[in-house]
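Notes for the one structure printed next.
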Amino acid sequence: MWRNWLRGQLDEIEKRGLYRRRQVVEGPQGAEVTVDGRRVVNFCSNDYLGLAIHPAVVAAFRQGAERYGVGAGAAHLVCGHGRAHHALEEELAEFTGRERALLFSTGYMANLGVISALAGRGDEVFEDRLNHASLLDAALLSGARLKRYPHSDPAALGRELELSAGKRCLIASDGVFSMDGDLAPLPALAALARQRSALLMIDDAHGLGVTGDGGRGSLARLGLTPDDVPVLVGTLGKAFGTFGAFVAGSADLIEFLIQRGRTYIYTTAMPQAVAEATRASLRLIREESWRRDRVNGLVHRFRTGAAQIGLRLMESDTPIQPIVVGDNQSAVRASEVLLSAGFLAAAIRPPTVPAGTARLRFTFTAGHTEAQVDRLLGALADLPLETFGSNGGEDRSMTNEALPFPAGHSG
């Protein structure tokens, strides 16, 4: 019975154009990777600053493994909390301007641990409809009542909050939305949280390291303080180029999470070698602002070129640049065509994004070159207009003439 049910579910997933197949990537992450024996330009990675293969980060990881071994051995509260973990927490707290920080093994676990510790039955959690799945799942698993407001609509959130008088409220949002690339209206969220005495939590996974003064993220970019946003979550597997996550906030918040955060208490700590590698990447984030400048320049180049060939992009000035295709199968076909042209660009489909908004999601890193961006634009110009339906394409009749680069070449 179970085997037939599983087969039927898989057949239905494929029929709807939602079947996911893993690409086997050989070698390290980078602007170029090898897939199925072929070298392609990688426009999928969240390694925004190109630190995953930085020699100093790799060396710190190697030295950490030689000093501490390759496993922590236990959870932080047993015997797994090492000197490297503690040093990284202190450095992350200073970097984010918070009293303390707490490491988690993944970003998903950080969000689950924070929300389930801070909210429960009788409480209410308010979330943007386009929040990352980990934030939504955390609210559902907490036992609190989850209320989702329309994307980036503080007015709608305000109306919902007015109906919650007398209840403890937690507002949770992405800082940079991972599939659209836009920033949350953080100042408006902070104002609403103050008015309602709600607790505001921001997951800045795609902002930290990339945007804001010194790479301190969306909050720094928009001038918000720890008082405005008491709970900050960040991941280490994106701009930091390593693995894991952290929560930063007041000393009382962190101490409470140590006591009540189940995904912290009951999980083996990350290897100390990863913590040492992350300390090295944090130093590079502080010292090498040119990496952020380079990413911003490439994003501007891509958006300018896309406009010249009649592609309508979403409102994003971050390294996340999606092109909505609409139909699931069309998005998959477009991704396959680009792969054959030498570009790795994932087709993002429901439930990751809302139904009818399947897309190609391009991400830009400090490791990319202007020539690679130009070749990508040339390949996009060669895609049939019907690929983008009514969502992604405008007038592309003068495609090749408008290009400041040779069209139709993948390199």
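Data table
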| item | result |
| --- | --- |
| Amide hydrogen neighbours beyond the local backbone of GLY209, cut-off 5 Å, H modeled | ARG216, GLY217 |
| Calculated from backbone phi, Karplus (6.51, -1.76, 1.60) coupling profile of the range 137-152 in Hz, x at Gly/Pro | 4, 4, 5, 4, 6, 5, x, 6, 7, 8, 10, 9, 9, x, 3, 6 |
| For ASN42, distant residues with modelled amide H under 5 Å away | GLU32, VAL33, LEU344 |
| Phi to ³J(HN,Hα) by Karplus 6.51 cos²θ - 1.76 cosθ + 1.60 over the range 335-350, Hz, x for Gly, Pro | 4, 5, 5, 5, 4, 5, 8, x, 10, 8, 9, 6, 8, 9, 10, x |
| Under Karplus coefficients 6.51, -1.76 and 1.60, residue-wise ³J(HN,Hα) of the range 176-181 in Hz, glycine/proline x | 10, 6, 5, 9, 9, x |
| Percent antiparallel among DSSP beta bridges (both partners in the chain, rounded to 5) | 60 |
| Backbone N within the range 1-45 under 16 Å of label point (7 Å from ALA355 Cα along the Cβ vector) | 12-19 |
| Environment charge of ARG16, counting only residues whose C-beta is closer than 14 Å and scoring Lys/Arg +1, Asp/Glu -1 | -1 |
| The range 183-228 versus the range 45-60: alpha-carbon centroid distance in Å | 26 |
| Helical contribution to [θ] at 222 nm, DSSP H n ≥ 4, -39,500 (n - 2.57), averaged over the chain, rounded to 500 | -12500 deg cm²/dmol |
| Label-point separation in nm, ARG67 to ARG83, each point 7 Å along Cα→Cβ | 0.7 |
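Throughout, read-outs are computed from the coordinates displayed, never taken from laboratory work. Owing to the predicted nature of the structure, the values given are computational and were not obtained by experimental measurement. Please note: Cβ atoms are built from the backbone with ideal geometry, for glycine as well, and neighbour counts cover all protein chains shown.
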